[in-house]
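The block underneath contains the structure these notes are about, expressed in structure tokens.
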Amino acid sequence: MNTLIKGLTVAATLTATTASAGGVIKFGHDNKTDPFENPAHACTAVFSNIVTADTNGSVTVEVFGSNQLGSAAEHVQQVRDGIIQATLTSTGALASYYPRIDVLNLPFAFNGNASTYEVLDGPFGKELAADIEAELGDVVVLGFPDTGGFFAVTNSKRPIANLEDFEGIRIRTMTLPSHQKIMQSLGAEAYPLSWGEVYSGLQTGVIDGQMNPVPIISFANFAEVQEHLTLTNHLFSPYTFMINRAFYEGLSEAEQATLHTAAENCVTASRGLSRVIEASDRGLGGLMDKIKVTALTAEQRAAMAAAAQPAFEAHVAENMDARAGELLAKFKEQVAAANASAYLD
């Protein structure tokens with residue numbers, strides 16, 4: 001009888017452990033650890049709070065910002081290896097592991113932020129997440145948080161309003177070939193440079209300009225070494241929120257559901273903070289007194305799109321596989337539908 005009771009007790013203990021495996025999520029990213037300063041940490045702070053509270057502490061989150069655990073690309077490998085459990089990775093950092101992420105860099109695709117949400121949260125976002133998971137095999141994608149909004153271009157030479165204004169301006173890009181192709185198609189000289197060298201490069205004249213979302217331009221103090229800013233809105237490049245698959249599959253169904261809920265709120269927080277920063281004195285509101293701002297007309301953007309989009313699509317066709325071409329076609333289709341839809345219509 002005692003043996004039977006002991007056996008039942010052990011079985012019950014094992015069942016409870018399986019039902020609530022729990023654990024610690026070590027979460028690495030490359031931004032400062034202030035949830036009011038950048039979308040990445042706003043995202044991780046919200047995620048951490050919901051996960052810890054809604055699992056009653058069976059799952060906790062330790063956030064390591066400011067590249068404490070390595071670079072953004074290293075974070076991806078660390079998640080895959082299970083050294084850390086989660087990260088937010090840029091398209092540039094993810095591209096070396098999953099080149100098809102580059103399809104998101106179709107220039108001048110979106111007509112507004114609402115369209116980006118509709119596409120990334122809809123069927124295309126789900127298909128992209130599934131493709132990343134299938135290719136990498138060891139991660140689960142939980143969403144596509146905001147990195148700060150649409151890209152703008154700054155430079156120290158002249159205002160940019162038309163294609164001819166790009167001529168002879170050396171613009172820093174990420175090391176992504178697609179970004180270089182886009183700048184070259186607009187008439188600029190593309191100059192790949194690591195992020196840590198951008199400010200000094202602008203200061204010394206090694207480069208004339210750069211492209212980034214407005215909050216990043218503000219926080220990096222580029223207005224100190226740049227005279228002109230153009231709201232090109234030519235790229236929207238989200239983070240990919242990924243978690244180690246083995247860790248995820250070791251959680252109970254309830255804990256997994258909590259992670260998805262927390263990730264959805266994380267994405268929402270990143271988007272909300274991005275829009276607030278853009279409109280505040282930490283974003284465009286603060287920049288307008290320091291740098292000359294040019295907003296493009298619809299006609300000017302259309303002319304730039306006509307030059308840049310064919311060059312980008314040729315790059316995808318020539319350098320990426322057939323599956324990338326399929327994803328790009330679906331991306332374009334759903335972007336067009338999102339652009340044509342009206343808010344709350």
Matching residues in segment 89-126 - criterion: being among the polar types (S, T, N, Q) and either open to solvent by 30 Å² or more (accessible area, probe 1.4 Å) or within 19 Å of I243 (Cβ to Cβ) (or both): T89, S90, T91, S96, N111, N113
Some residue of segment 150-158 being within 30 Å of T258 (Cβ to Cβ) and either modelled with pLDDT of 95 or more or in contact with an Asp or Glu (Cβ under 9 Å, 6 or more places away or on another chain) (or both): no
Tell me which residues, restricted to segment 189-227, are open to solvent by 10 Å² or more (accessible area, probe 1.4 Å) and within 19 Å of A305 (Cβ to Cβ). A190
Go through (1) farther than 30 Å from S341 by Cα; (2) crowded, with 20+ Cβ neighbours inside 10 Å; (3) in contact with a helix residue (DSSP H, G or I) (Cβ under 6 Å, 6 or more places away or on another chain); (4) of a type outside the set (V, I, T) and name the single condition A86 misses. (3)
Tell me, which residue of segment 239-253 that is in a loop (DSSP other than H, G, I, E, B) and surrounded by fewer than 23 Cβ atoms within 10 Å (Cβ to Cβ) is farthest from the chain's Cα centre (by Cα)? S252
If a residue has to be part of a helix (DSSP H, G or I) and either surrounded by fewer than 14 Cβ atoms within 10 Å (Cβ to Cβ) or in contact (Cβ under 8 Å) with a residue 24 or more places away in the chain (or both) to count, how many in segment 278-312 make the cut? 20
State which residue is farthest from E278 (Cα to Cα) when the search covers only segment 36-58 and only residues that are of a type in the set (S, T, Y) and open to solvent by less than 40 Å² (accessible area, probe 1.4 Å). S58
Please verify whether G168 is on the phi > 0 side of the Ramachandran plot and crowded, with 22+ Cβ neighbours inside 10 Å, treating the condition exactly as stated. no
Out of segment 313-338, which residues are surrounded by fewer than 16 Cβ atoms within 10 Å (Cβ to Cβ) and in contact with a Gly (Cβ under 8 Å, 6 or more places away or on another chain)? A317
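The values are calculated or read from the model by the stated rules, or taken from the named source; none is laboratory data. Given the structure is predicted, the values throughout are model-derived calculations rather than measurements. Positions of Cβ are generated from backbone atoms using ideal geometry, with glycine treated the same way; all protein chains shown enter the neighbour counts. With ligands, DNA and RNA removed, areas are computed over all heavy atoms of the protein, side chains included. Shrake-Rupley method; radii C 1.70, N 1.55, O 1.52, S 1.80 Å.
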